[in-house]
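**Q** Dropping a structure here in structure tokens format, bear with me for questions.
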Amino acid sequence: MTTDTSDVRDARTVAQRVTMPLFKTALVACLLLGTVVVLCQAIGVAGRDAGLVSGVVDGLGKAMTTTAGVAGLLAFVMSYLFRWEAGGED
């Protein structure tokens with residue numbers, strides 16, 4: 001095995017070790033933000049508070065969408081790093 005192959009393998013391993021925790025963190029953050037948004041909206045609907053229903057989206061919507069986008073992009077990158085195969089039936 002040459003040094004170049006070893007370096008590529010080491011770089012792939014480092015990338016895998018970095019991307020997985022970042023993906024998990026972004027996914028959990030997105031899901032938590034989404035849960036908070038939905039719960040606040042449910043409370044706003046039950047309490048007939050239109051300001052709460054729309055205000056929570058104004059306050060958390062951008063962060064929720066950004067973390068979802070980051071998680072999606074990391075998942076895309078990870079599909080190449082981990083060499084995942086498409087397993088769905090087409």
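The values are calculated or read from the model by the stated rules, or taken from the named source; none is laboratory data. Quantities reported herein were computed from a predicted structural model and do not represent experimental measurements. Here the Cβ is made from the backbone with ideal geometry for all residues, glycine too, and neighbour counts use every protein chain on show. Accessible surface areas use protein heavy atoms only, side chains included; no ligands, DNA or RNA. Shrake-Rupley method; radii C 1.70, N 1.55, O 1.52, S 1.80 Å.
**Q** Among V28, A42, V56, flag the residue with its Cα farthest along the positive direction of the charge dipole of region 5-57, charges on Cβ as +1 for Lys/Arg and -1 for Asp/Glu.
**A** Going by the Cα projections, it comes out as V28.
**Q** Per 5 Å bin, what percent of the C-alpha pairs of the chain does each bin hold, from zero upward?
**A** 2, 13, 15, 14, 13, 11, 10, 8, 6, 4, 2, 1, 1, 0
**Q** Output the relative contact order of the chain, whole-number percent, from Cα pairs under 8 angstrom with separation of 6+ residues. Walk me through the intermediate numbers first.
**A** On the way: 49 pairs, mean separation 34.8, N = 90.
Here the relative contact order equals 39 percent.
**Q** Which value, in debye to the nearest 20, describes the size of the charge dipole of the chain about its Cα centre when Lys and Arg Cβ atoms bear +1, Asp and Glu Cβ atoms bear -1, and nothing else is charged? Write out the running numbers ahead of the final one.
**A** Working: 7 positive and 8 negative charges, 56 e Å.
Charge dipole, the chain, about its Cα centre: 280 debye, nearest 20.
**Q** Expressed as a whole percentage, what fraction of the accessible surface of region 32-72 belongs to carbon and sulfur atoms when a 1.4 Å probe is rolled over the protein heavy atoms?
**A** Numbers: 1880 of 2590 Å².
Roughly 72 percent, rounded to a whole number.
**Q** Let me ask something additional. Rounding to the nearest 10 and keeping the result within 0 to 90°, find how far the Cα-based axis of helix 50-81 lies from the longest principal axis of the chain.
**A** For 50-81 against the chain, the angle is about 10 degrees.
**Q** Accessible area per residue, 1.4 Å probe, Å², for the chain: what's the number?
**A** Values: 6690 Å² over 90 residues.
So the chain comes to 74 Å² accessible per residue, rounded to a whole number.
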